[in-house]
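Read-outs throughout are calculated quantities, based only on the coordinates presented, and are distinct from any laboratory measurement. Fair warning: this is a prediction, and the values are worked out from it, not measured in the lab. No Cβ is skipped: glycine too gets one built from the backbone with ideal geometry, and neighbour counts run over all protein chains shown.
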Amino acid sequence: MSRAFLNKRAIFLILIIFLLLTINTVPAQGENTRGFFNDSGPIEITSDKLTADSENNKAVFEGNVVAKQGKTILKAQWMEVRYTEKGEIKSIHAKGAVSVENLSRKITSAEVIYYKDRGMIVFTGSPEATDRNTIIKGTKITYYLDSGNSVVENSYVIIKKTEDKDGT
């Protein structure tokens, strides 16, 4: 298999993995999907401790943090959410055994930062993205929501062979 084909396939798989990790449902017409979680439903967050700072428009969740929206689940030990005065999320910063799951897709890292205004998500600390047939590792993974492009620094990709229905 040529290296160019493998690179194109790896880039395509990265795009699919992160698109599916960051968007949990097919949006209705006109629905905003730019976001770590989309804007289509409530985000439910649980943790051992919550410190709300309304003067600075931020909330810090500590210990066993679980954020859910639809079929997307983020888990971490610490998470800071910054928001506008209207309550819209501006950024999410999570660290400590971070895991983002959506159906059969998962990405783990030591830290993740979602920047809504920049339209990007940055995973650091040995990030690893997996689905049924692909594993992508690197030292830093940056996903650009608007373009769908990903940059994986120091990348390592494993593409598992899939079997056809007839077992070949």
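Values for this structure:
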{"item": "³J(HN,Hα), Karplus 6.51/-1.76/1.60, whole Hz, each residue of region 42-56, x for Gly, Pro", "result": "x, 9, 9, 10, 10, 6, 6, 8, 10, 10, 9, 10, 5, 5, 9"}
{"item": "Phi to ³J(HN,Hα) by Karplus 6.51 cos²θ - 1.76 cosθ + 1.60 over region 102-110, Hz, x for Gly, Pro", "result": "8, 6, 8, 9, 8, 10, 10, 6, 7"}
{"item": "Net charge of Cβ neighbours under 9 Å - reference S99; Lys, Arg +1; Asp, Glu -1", "result": "+1"}
